[in-house]
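Just below is one structure, and these are the notes that go with it.
The values are calculated or read from the model by the stated rules, or taken from the named source; none is laboratory data. Keep in mind the model is a prediction, meaning the values are calculated, not measured. Positions of Cβ are backbone-derived with ideal geometry, glycine not excepted, and every protein chain shown enters the neighbour counts. Calculation scope for accessible area: heavy atoms of the full protein, side chains included, ligands and nucleic acids excluded. Shrake-Rupley method; radii C 1.70, N 1.55, O 1.52, S 1.80 Å.
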Amino acid sequence: MIFAKELGDTLRGALTDDQRVVLLGEDIADPYGGAFKVTRGLSTAFPQRVRTTPISEGAIAGVSAGLALAGYRPIAEVMFGDFLTLMFDQVVNHIAKYQKMYAEQATCPVIIRAATGGHRGYGPTHSQSLEKHFLGVPHLRVVAASLYHDPRVVFADFLGRDEPVLYVEHKLLYPQHVTPPVDGRVGDLIATSDNSPGALPTIRLSAVPAEDCTVTVLAYGYQATLAAQVIERLAVEEEIFAELVVPAQIAPMDWAPVERSVAVTGRLVTVEEGADGWSWGSEAASVISRKLFGKLRQPVDVVASEPTIIPSSKSKEAGVLVGSARIEAAVRAAAA
């Protein structure tokens, strides 16, 4: 099933099963159905609970917060993740704080969906992966869509809890097929679901049994798809064996699956599309270096995009953003 369609069906199921669910966002109503067509058909089926908003991310955040405080379960779409900056104050200083600020007497379970990432030539203000700026915000969960995580499972988790969530959806995932593990496989790769109790699944992928791998690659979202292609190619063509660890929730992180993999391989490469510096990968390097200092054979390698603006030119954009070549080079260097 194509990811955009699967996500749309997931939202349809949520609207059907729970009368508290409300969808808000710019241009999400029919016939447009959102910039990436995820919500197509939903406003026709649920006209009172799927509402197009004015062009104001601040208003979307504020209305969503009010609805959540009143007992609804709002799901807010941000057309481009770059515009999360216009929600930042309300997310950090209000939505994420209310439950603890009022001693659990109020909850604000806003779910924010944001289309993020580049590689489409959309330029400096429509191509960014800004989720790193939300990592570490107390009481805010940050979850990344991937092809290996069933969105129905993910949204059931969101709607079953009272915490606010930022759900980042890389644009290049929308036209691709969701491939969660089936019978212990994803295509030709061995797949295992590994997570601590109560946490969203972390998927571990490898071409050979994990105990035979010499490098751990930690990646999320679209970068996990690129990394899976790289580890499969290196295994077949050069017998370089790496295990890919793909978390759904990237903050707060369930570090246990990562620790279990790195304890075997002794090497870790992190991959993300966000700009290099003060990043998710930097935090992973800090945590794993501290927890597994005696077992690491070399320093953790953090792979991220160049710390500059993203060009509109497709060729120049490719030089700034992390792609397969950069991931492959990092895995080769770690395995050497």
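Which residues, taken from segment 274-283, are open to solvent by 80 Å² or more (accessible area, probe 1.4 Å) and either outside any helix (DSSP H, G or I) or touching a Phe, Trp or Tyr at 6+ places or on another chain (Cβ under 9 Å) (or both)?
278
Is it the case, given these coordinates, that residue 296 is open to solvent by less than 60 Å² (accessible area, probe 1.4 Å), within 15 Å of residue 330 (Cα to Cα) and among the hydrophobic types (A, V, I, L, M, F, W, C)?
Working: open to solvent by less than 60 Å² (accessible area, probe 1.4 Å): yes; within 15 Å of residue 330 (Cα to Cα): no; among the hydrophobic types (A, V, I, L, M, F, W, C): yes.
In short, no.
Please pick out the residue among 58, 71 that is open to solvent by 30 Å² or more (accessible area, probe 1.4 Å), within 21 Å of residue 21 (Cα to Cα) and either in contact with a helix residue (DSSP H, G or I) (Cβ under 8 Å, 6 or more places away or on another chain) or part of a loop (DSSP other than H, G, I, E, B) (or both).
Numbers: 58 fails: open to solvent by 30 Å² or more (accessible area, probe 1.4 Å).
Testing whether each residue is open to solvent by 30 Å² or more (accessible area, probe 1.4 Å), within 21 Å of residue 21 (Cα to Cα) and either in contact with a helix residue (DSSP H, G or I) (Cβ under 8 Å, 6 or more places away or on another chain) or part of a loop (DSSP other than H, G, I, E, B) (or both) leaves just 71.
Scan segment 94-103 for residues that are surrounded by fewer than 16 Cβ atoms within 10 Å (Cβ to Cβ) and either at pLDDT below 95 or outside any loop (DSSP other than H, G, I, E, B) (or both) and jot them down.
100, 101
Quick one: is residue 237 open to solvent by 10 Å² or more (accessible area, probe 1.4 Å) and of a type in the set (D, E, K, R)?
yes
Within segment 145-165, can one find any residue that is part of a loop (DSSP other than H, G, I, E, B) and in contact with a Gly (Cβ under 7 Å, 6 or more places away or on another chain)?
Scanning segment 145-165 turns up at least one residue that is part of a loop (DSSP other than H, G, I, E, B) and in contact with a Gly (Cβ under 7 Å, 6 or more places away or on another chain).
Would you be able to say whether some residue in segment 161-179 is on the phi > 0 side of the Ramachandran plot and open to solvent by 50 Å² or more (accessible area, probe 1.4 Å)?
No - not one qualifying residue is present in segment 161-179.
Could you tell me which residue of segment 318-336 is nearest to residue 245 (Cα to Cα), considering only residues that are in a loop (DSSP other than H, G, I, E, B) and in contact with a strand residue (DSSP E or B) (Cβ under 9 Å, 6 or more places away or on another chain)?
Residue satisfying both the conditions and the ranking: 322.
Restricted to segment 1-42, and to residues that are among the hydroxyl-bearing types (Ser, Thr, Tyr) and out of contact with any Pro (no Cβ under 9 Å at 6 or more places or on another chain), which residue is surrounded by the most Cβ atoms within 10 Å (Cβ to Cβ)?
Ranking the qualifying residues of segment 1-42, first place goes to 39.
If I ask for residues that are under 25 Å from residue 237 (Cα atoms) and surrounded by 14 or more Cβ atoms within 10 Å (Cβ to Cβ), which ones from segment 305-328 would you list?
318, 322, 323, 324, 326, 327, 328
Would you mention how many residues in segment 284-317 are assigned to a helix (DSSP H, G or I) and either among the β-branched types (Val, Ile, Thr) or touching a Cys at 6+ places or on another chain (Cβ under 9 Å) (or both)?
Filtering segment 284-317 down to residues assigned to a helix (DSSP H, G or I) leaves 284-291, 314-317.
Pick out the ones that are also either among the β-branched types (Val, Ile, Thr) or touching a Cys at 6+ places or on another chain (Cβ under 9 Å) (or both) and you get 287-288.
Residues meeting the conditions: 2.
Taking residue 336 and the conditions (1) closer than 22 Å to residue 224 by Cβ; (2) open to solvent by 80 Å² or more (accessible area, probe 1.4 Å); (3) among the aliphatic types (A, V, I, L, M), which numbered condition does it fall short on, given that it satisfies the others?
Residue 336 satisfies every listed condition except (1).
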